[in-house]
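Just below is one structure, and these are the notes that go with it.
The values are calculated or read from the model by the stated rules, or taken from the named source; none is laboratory data. Note that the structure is predicted; figures quoted are calculated from it, not measured. So basically every Cβ, Gly included, is an ideal-geometry build from the backbone, and we count neighbours across all protein chains shown. Accessible surface areas use protein heavy atoms only, side chains included; no ligands, DNA or RNA. Shrake-Rupley method; radii C 1.70, N 1.55, O 1.52, S 1.80 Å.
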Amino acid sequence: MGLMEKIFALLEHGPGEHWGVHPDDRKRPAADAPLRVLPLPERLHVPLQQHIGAAARPIVLVGQKVLKGQLLAEAQGATSANIHASTSGTITAIGEITAPHPSGLPCAAITITADGEDRWIDSEPAVDPFSLAPKDTAARIAAAGVVGLGGATFPSALKLGLGLRAKIHTLILNGGECEPYLSCDDRLMRDFAAEIIDGIRIMLHATGAQKAQIGIEDNKPEAIAAMTAAARKFAEISVCPVAARYPMGSEKHLFSALTGQEVPADGRTTDLGVLVHNVGTAWAVHEALRHNRPLVERIVTLNGGAIAFPGNIRVPVGALVEDVLAYASLKEVPARLVMGGPMMGSLLPHTRVPVVKGSSGILALTAAEAAAYDPGPCIRCSSCVRACPVGLLPLEMSAHIAASDLNGAVDLGLKDCIACGCCSFVCPSHIPLVHYFNHAKGELAAQGRTQLRNDAAKRLAAARAERIERDTREKAEAAARRKAERMAQKAAEKAAAEAAAAQEAAGTAAESSEVTT
Amino acid sequence: MIAAILSLSLLGLILGFGLGFAAKKFAVETDARVAELEALMPGTNCGQCGFPGCSGAAAALADGKASPTVCPPGGKALIQALAAKLGVSVDLSGVADEGPKIAAIEEEICIGCCRCLKDCPTDAIVGAAKQIHAVMREACTGCEACVDRCPTGAITMDPVPITLQHWVWPKPLSEGAKAWA
């Protein structure tokens, strides 16, 4: 092929397969260990915000007895999700607990002291989801507090509703699980393939999509086999193995790998008629619709060099990381504790942090695994440019941010950054590139909030000025009116007095005339 | 008929030229930037900048008598917007943005005198005579106009607590500074 043809091919198809990184996945032996169940902890701390959007509003009181699956807090606002009790017991506190968030700040949480019975709340028998209207199916999914279990925790019912409105034709199920160490989706697909397929069929019904594709990375052959076997009966559902590469589990990248199309920078996959959901979400939908069970537990991967028995474990929402680590037993004191994957997960400040709906893994890393290097100067090798799955220039963007030129970084496409961490991973100078981008995005959001606040203050000040002016005007008018009334009254009194005087005078005149006559 | 049309047209023409000439000749010179800058300012006229209201501050900015960091309630966003409008560069890292503050009323000391709520430029304080007053946090701009009005010293300026929704990743230390230190 000549050079010109190569250039044309590049222009037509883009750089093609040159994105992402291939980290050592370190998923086994944890992925192969059989699923275990966490013994019920004494106390569960259920945060009120485990989803994108507004925190749920508590509807229980301290001291109240609750059953497993009972509604603890209801969604408030357009984007929010219900929170349910993960076990039966007594509400002993509605307070705060450290959030599973890199800031280590507290979040509001409801504490349940378990009674040990783990008794489910009585619920009406489940109806056939296919006899319901798509809208009602979504409403039931919303009532069960189902959120996206891939990590973003967007309320699933809203997303399904979006798909219904956008008239999507294909549902993509994300079983990519590209983060190293994590295998919770792998385990779920191996052990609950039939349940996931049923959940997918319900989701197809709820969105009106015609077919579903399940994207699974080819480093999970057991999961591919299990899902293929379970999907055999349904022609509309197909399993599509994709190449193992980080970040294949990103919505837009899995979409590109399966359809060959690219999502525009400012668009969503729904614009192209495709909705992407995690396989874990499909399982949660199955549980909600077939068994009337809200989302109160999930599978969490326990992995890392410091863990004696790595594997996957069913954990009730609200269990503390220390409970989980005590069950898995530590070989050594971990150098670093991470919730989620090593690429995008968040550092935990201590172990008294609850597991939430979006917690995919708990990693206890040894000093060797969590080696941190001092950053050096950029040598402009452009490794980050080749690694960036979105096609950005991380080295240029970080230079702008380092010089506090956030708008310069935005011009280079900061808003398209998915914070996957590929650039930081490959940087030979160990520059914390993705840290710069997270900082800049947060800073821009903060500036946006301040701007909104200033605009609101301006409106309030204008309204106040108008009110004061109106008040003064009305007062002046009222005063003028009163004065006019007073004058009128005075004039009337005067006239009356004059009339009376005149009458009197006339009377006296008459009298005197009478007298004279 | 024709005479009337002609005379009126002529009159209009002469007066139009006269007005046009006057507009050019006696035009009052105003800096167009002042209005633009004033549109950016919070507009609460709180006076923290030391100038007579937001329009005064905007005029001082346009004259170069004030720096873009003049407005404390505006925060970093306003500094950047002003600097961009004025075409000057500002080093934001030097700005001691010690975080926004908002007023809080100590309910034990408040006597319900209504003085503070009359002075609040954004009507952020609610209350009535002999009733304890309260600050609506969302509307308070932290201008401190109310603090000195309180006869019992019940109003304090508290920093806005950092929550999960407001937390921002800190800026990484510059790798150059670290490597060459």
task = State whether one or more residues within the stretch A:126-140 are at pLDDT 90 or above, crowded, with 24+ Cβ neighbours inside 10 Å, at positive phi and outside any strand (DSSP E or B).
result = no
query = So which of B:Pro42, B:Pro72 ends up being assigned to a loop (DSSP other than H, G, I, E, B), within 27 Å of B:Glu138 (Cβ to Cβ) and open to solvent by 70 Å² or more (accessible area, probe 1.4 Å)?
reply = B:Pro72
note = For the stretch A:350-373, pairs from a residue that is within 16 Å of A:Leu44 (Cβ to Cβ) to a residue that is modelled with pLDDT of 95 or more and of a type in the set (D, E, K, R), with Cβ under 6 Å and 6 or more apart or across chains, are none
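Can you find a residue that is away from chain A (no Cβ under 13 Å), touching a His at 6+ places or on another chain (Cβ under 7 Å) and not hydroxyl-bearing (Ser, Thr, Tyr) anywhere in the stretch B:124-132? Lay out the reasoning, then the answer.
From the stretch B:124-132, those away from chain A (no Cβ under 13 Å) are B:127-132; that's our starting set.
Next, only the ones that are touching a His at 6+ places or on another chain (Cβ under 7 Å) stay: B:127.
Now drop any that are not not hydroxyl-bearing (Ser, Thr, Tyr), which leaves B:127.
Yes, the conditions are met somewhere in the stretch B:124-132.
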task = Could you please find all residues in the stretch A:210-229 being within 15 Å of A:Ala282 (Cα to Cα) and open to solvent by 10 Å² or more (accessible area, probe 1.4 Å)?
result = A:Lys211, A:Gln213
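Among helices (runs of 4 or more DSSP H) lying entirely in the stretch A:366-411, which contain 3 or more residues that are away from chain B (no Cβ under 11 Å) and in contact with a Pro (Cβ under 9 Å, 6 or more places away or on another chain)? If you could, list the steps in order and put the result at the bottom.
On the way: elements: A:383-387, A:394-402, A:406-411.
In the stretch A:366-411, the matching helices (runs of 4 or more DSSP H) lie at A:383-387.
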request  = Kindly check whether there is at least one residue in the stretch A:79-86 that is open to solvent by 40 Å² or more (accessible area, probe 1.4 Å), at pLDDT below 95 and within 14 Å of chain B (Cβ to nearest Cβ).
outcome  = yes
message = If the requirement is being touching a Cys at 6+ places or on another chain (Cβ under 7 Å), of a type in the set (Val, Ile, Thr) and either open to solvent by 60 Å² or more (accessible area, probe 1.4 Å) or within 28 Å of A:Phe154 (Cβ to Cβ) (or both), which of these qualifies: A:Ile97, A:Ile112?
response = A:Ile97
remark   = In the set A:Ala319, A:Ala371, A:Ala306, A:Ala328, the lone residue that is open to solvent by less than 60 Å² (accessible area, probe 1.4 Å) and modelled with pLDDT of 95 or more is A:Ala319
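Got a number for residues in the stretch A:142-184 being part of a loop (DSSP other than H, G, I, E, B) and among the hydroxyl-bearing types (Ser, Thr, Tyr)?
Residues of the stretch A:142-184 that are part of a loop (DSSP other than H, G, I, E, B), as a first pass: A:144-146, A:148-154, A:166-169, A:176-183.
From what's left, among the hydroxyl-bearing types (Ser, Thr, Tyr): A:153, A:181, A:183.
Matching residues across the stretch A:142-184 total 3.
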inquiry  = Can you find a residue that is small (Gly, Ala, Ser) and either without any contact (Cβ under 8 Å) to a residue 24 or more places away in the chain or part of a strand (DSSP E or B) (or both) anywhere in the stretch B:135-153?
reply    = yes
ask   = Being more than 7 Å from chain B (Cβ to nearest Cβ) and closer than 20 Å to B:Cys143 by Cβ, is that true of even one residue in the stretch A:429-450?
value = yes
key: Residues satisfying the stated conditions in the stretch A:248-303, i.e. part of a helix (DSSP H, G or I) and open to solvent by less than 10 Å² (accessible area, probe 1.4 Å)   = A:Leu254, A:Phe255, A:Thr269, A:Val279, A:Gly280, A:Thr281, A:Ala282, A:Ala284, A:Val285, A:Ala288, A:Leu289
message = Just the residues that are touching a residue at least 40 places away in the same chain (Cβ under 8 Å), β-branched (Val, Ile, Thr) and part of a strand (DSSP E or B), please, taken from the stretch A:62-120.
response = A:Val66, A:Ile83, A:Thr92, A:Ile97, A:Thr98, A:Ile110, A:Thr111, A:Ile112, A:Thr113
remark   = Restricted to the stretch B:154-181 and to residues being open to solvent by less than 80 Å² (accessible area, probe 1.4 Å) and more than 7 Å from every other protein chain (Cβ to nearest Cβ), the residue modelled with the lowest pLDDT is B:Ala177
key: Identity of the residue in the stretch B:37-83, among the charged types (D, E, K, R) and more than 9 Å from chain A (Cβ to nearest Cβ), that ends up farthest from B:Met157 (Cα to Cα)   = B:Asp63
note = Scanning the stretch B:133-153 for residues that are aliphatic (A, V, I, L, M) and either more than 11 Å from chain A (Cβ to nearest Cβ) or in contact with a helix residue (DSSP H, G or I) (Cβ under 8 Å, 6 or more places away or on another chain) (or both) gives B:Ala134, B:Val135, B:Ala139, B:Ala145, B:Val147
ask   = Of all residues in the stretch A:374-398, which are among the small types (Gly, Ala, Ser) and crowded, with 17+ Cβ neighbours inside 10 Å?
value = A:Ser383, A:Ala387, A:Ser398
request  = List every residue pair whose Cβ atoms sit under 9 Å apart, with the two residues 6 or more apart in sequence or on different chains, where the first one lies in the stretch A:226-249 and is touching a residue at least 12 places away in the same chain (Cβ under 8 Å) and the second, anywhere, is of a type in the set (Lys, Arg) and assigned to a strand (DSSP E or B).
outcome  = A:Glu236/A:Lys211; A:Ile237/A:Lys211; A:Ser238/A:Lys211
